[in-house]
Structure formats: C-alpha cells, structure tokens
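The values are calculated or read from the model by the stated rules, or taken from the named source; none is laboratory data. It should be emphasised that the depicted structure is a prediction, and the values quoted were computed from it without experimental measurement. Every residue, glycine among them, receives a Cβ derived from its backbone with ideal geometry; neighbour counts consider all protein chains shown. Quick note on the areas: whole protein, heavy atoms, side chains included, nothing else; ligands and nucleic acids left out. Shrake-Rupley method; radii C 1.70, N 1.55, O 1.52, S 1.80 Å.
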Amino acid sequence: MRRSRLVGCGAYLPDRVLGNDELSTRIDTSDEWIRTRTGIRQRHVAADDQLTSDLACAASRAALEAAGIGAGKLDLLVLATSTPDNTFPATATKVQARLGMTGGIAFDVQAVCAGFVCALQVADSMVRSGAADTALIVGAETYSRILDWDDRQTCVLFGDGAGAAVLRAETGAGSTEDSGVLSVRMRSDGRHYQALYVDGGVSSTQTSGHLRMQGREVFRHAVANLAEIAGEAMDAAGVAADEVDWLVPHQANRRIIDATGKKLGIPAEKTIVTVDRHANTSSASIPLALSAGIDDGRITPGDLLVVEAIGGGLVWGAGVIRL
Ligand code: UT7
C-alpha cells in the first residue's frame, strides 16, 4: 500500500516579538483581557522587508534539512497562504525557484486557517495516486499586513510565521502502526463567508483590505466542527482517542483548543499549545506547533498525531498521522 510519510518538519518566526503590554499602549486592551480570553501572551511580526515567501523559504529549508532531502528531489510543493506576496503567480512558485526545485509542480492553496490541513490532503492524495513522490507542504502568513491595527477585536489575535513539512512516498502493509498519513478529512460551509473575511480584494475593491471577524460566531462553530471532523478522521484511520499521543491543533484560542480536546477525549497533557507564544498564525500554526513539539522532544518517531483546524469560509479539516 502506497502512503505518504512525514519525514521532516521546519519552522520560522520573525525576530520581532510584540507583547500584549506593548499592544495595550496603542489600543484599548490589556494583557489580562487577551490572556484570559485567548491564552495569547505575544506574537511575532515580520519586518517591513520580509514577505510571506521569505518566511516560507526559511521554514522550508529547515524542513528539508530535518528530512535530509535536497530541494532537487521535490516534485510537489503545496503552499497554504491567505497572505500571498502578489495576486499572482502563486507564492509557491517563488519559493520553488529560491529553494532550487527545478522540476515538478508548485502551487498555492487558499483555505485560510485550515490551509495546512488542505495542503496535507492535496499532497497526500497526489502522493498516494503516484502523481508525486516527494512533497513539501508549507503554511506561511504575514497577517500583520491585513490586520486593522485600530480594531482591538481582531488585531490582538494574530501573528506572522511559517512552518513546513516534507512528505515522501512509501510502500508498506498499510496498518495503523506503520508510519504515514493515515487519513485526512476536509469540509466547508460557505454560508458563513461573512463570519471571517477580508473586506478587500482584486475583484471587489482593488485593495488588499482588512480582516473582519464575528469572533463569537466563529467560536461557536469551531468547537463543534473541529471535534466532529477530527472524530471522522480518527474513525477513518481506525484509531481511538486513547491511542492518540498528541493533538496538534490550530492555535487560535486556548479555550477552543481545550474544549475540542475535551470533546475528543484527548487530555490537555497530550496537546501541543503554542498560541501563547505565536498567537494565531493561520495556515502556519499547525506546522509551527508540530515543529515546537518535535524540537523540544515531546513528539517522537512512531507517535500518533491528530491535527485539526478551522478558518474563514468557513473551512475546516483534520488529519491523523503516524510519525
Ligand atoms: O483562526 C480562525 C478562527 N478564529 C477563531 O477561532 C476565533 C474565534 N473567536 C474567539 O476566539 C473569541 O470569540 C474572541 C477571542 C475573538 C473574543 O472572545 P469572546 O469571549 O467571544 O469576547 P467577545 O467578542 O464576546 O467580547 C467580550 C467583550 C466585549 O465588550 P462588551 O460588549 O461585553 O462590553 C468586547 O468589546 O470584550 C470586548 N473586547 C475587548 N476588550 C479588551 C473585544 N476585544 C477586546 C480586546 N481588549 N482586545
């Protein structure tokens, strides 16, 4: 049975750290409000001359190094972003050139905060079908460019960053004990378009616009949808909650992370949390959390992981991976 196996992970965060206290000097908010409502203490912000592709390249190089694979071996690059360098071409093609990947195909996917799970599903499907052998999947964002820094309801929630993972085709028996992407499930419901969107765009305003969110509305959908889709992915993979070593969730809000874990029956001690340090980095949050868990030695080879995310669209998804 042909599967894709996750063989390396990498991350990049810009140097500039913006703490809650500094934000409180600019807008009517407080460290206490932000921490108790979201769990966020700080976020990283890209330098003026750093683009999404710069963050993506740094994370990609780290992932390739961790995998011990040269860019020349890649035949697929899927980059998830909702903050691309330009309207077109895909930011992925710029990253492709800068990494020195000369063959295969590179393209972007746009599923907002669920982008990394979407990239995982696309790349895994292409590897399983034989359309690709070695894939790089990246989540990279510069949300600082689309935030309304006068809107306290949104600007305190997001940060910039990038994460990447290398998937390689492997053939094995196909059991849940074998390493590989065991299942991925994705869903969307466009009736909630206005719950989380950017009020600009090429075809509408010819401006890039700013992020707008009905926070409570998104929160309400988040826990129910995430628990349901993660449950579906676990059923599809044939694994039970008590077999899961690590829940690696999208990092939007500590309360959403805890409530989803509780619904799934996965305890907080088995959940990777980075929202305190990174805030919500949209499509980058899962690979950033994955890299953090691997780098600090908690996540080890053979571990069974559940990843899940929800974002604008609404789009949501989950995957089960045996490392
Ligand atoms: O990654 C994509 C998915 N996005 C999410 O998952 C986000 C989901 N939503 C959330 O995480 C939460 O809804 C928020 C963190 C955005 C907001 O938390 P909440 O507990 O739902 O607060 P709220 O929006 O109901 O606001 C409560 C109060 C309001 O004041 P009043 O109307 O009660 O007087 C807000 O005006 O808090 C006020 N508020 C703030 N106060 C201080 C809103 N933002 C701030 C702020 N500082 N930054």
**Asked** Taking GLU228, is it charged (D, E, K, R) and either more than 30 Å from SER4 (Cα to Cα) or touching a residue at least 12 places away in the same chain (Cβ under 8 Å) (or both)?
**Response** no
**GLU269 free of Cβ contacts under 8 Å to residues at least 24 places away in the same chain, open to solvent by 50 Å² or more (accessible area, probe 1.4 Å) and part of a helix (DSSP H, G or I)** = yes
**Complete:** Counting only residues that are surrounded by 24 or more Cβ atoms within 10 Å (Cβ to Cβ) and either of a type in the set (Ser, Thr, Tyr) or more than 25 Å from ALA240 (Cα to Cα) (or both), the range 292-311 contains a total of 1
**Asked** When you go through (1) touching a strand residue (DSSP E or B) at 6+ places or on another chain (Cβ under 7 Å); (2) part of a loop (DSSP other than H, G, I, E, B) one by one for ASP85, which number turns out not to apply?
**Response** (1)
**Complete:** The residue from ALA241, ALA279, ALA289, ALA236 that alone is within 17 Å of GLY319 (Cβ to Cβ) and buried (at least 22 other Cβ atoms within 10 Å of the Cβ) is ALA289
**Item:** Residue in the range 248-259 that is closer than 16 Å to ALA80 by Cβ, more than 13 Å from the ligand (Cβ to nearest atom), outside any helix (DSSP H, G or I) and in contact (Cβ under 8 Å) with a residue 24 or more places away in the chain present
**Value:** yes
**Fill in**
Cβ pairs under 7 Å, 6+ apart or interchain, first in the range 177-205 and basic (Lys, Arg), second at pLDDT 95 or above and open to solvent by 40 Å² or more (accessible area, probe 1.4 Å), ordered by first then second residue, are ARG185/GLU232; ARG185/ALA236
**Fill in**
Within the range 312-323, residues open to solvent by 20 Å² or more (accessible area, probe 1.4 Å), within 15 Å of the chain's Cα centre (by Cα) and farther than 30 Å from ARG191 by Cα come out as none
**Asked** Taking the range 206-225 only, how many residues are over 16 Å from VAL112 (Cβ atoms) and touching a residue at least 40 places away in the same chain (Cβ under 8 Å)?
**Response** 1
**Message:** Can you find a residue that is more than 30 Å from ILE294 (Cβ to Cβ), within 20 Å of the chain's Cα centre (by Cα) and of a type in the set (Phe, Trp, Tyr) anywhere in the range 203-221?
**Reply:** no
**Item:** Flag for ALA56 being crowded, with 19+ Cβ neighbours inside 10 Å and in a strand (DSSP E or B)
**Value:** no
**Message:** Between LEU79, LEU136, LEU64, which is under 26 Å from ALA318 (Cα atoms) and more than 14 Å from the chain's Cα centre (by Cα)?
**Reply:** LEU64
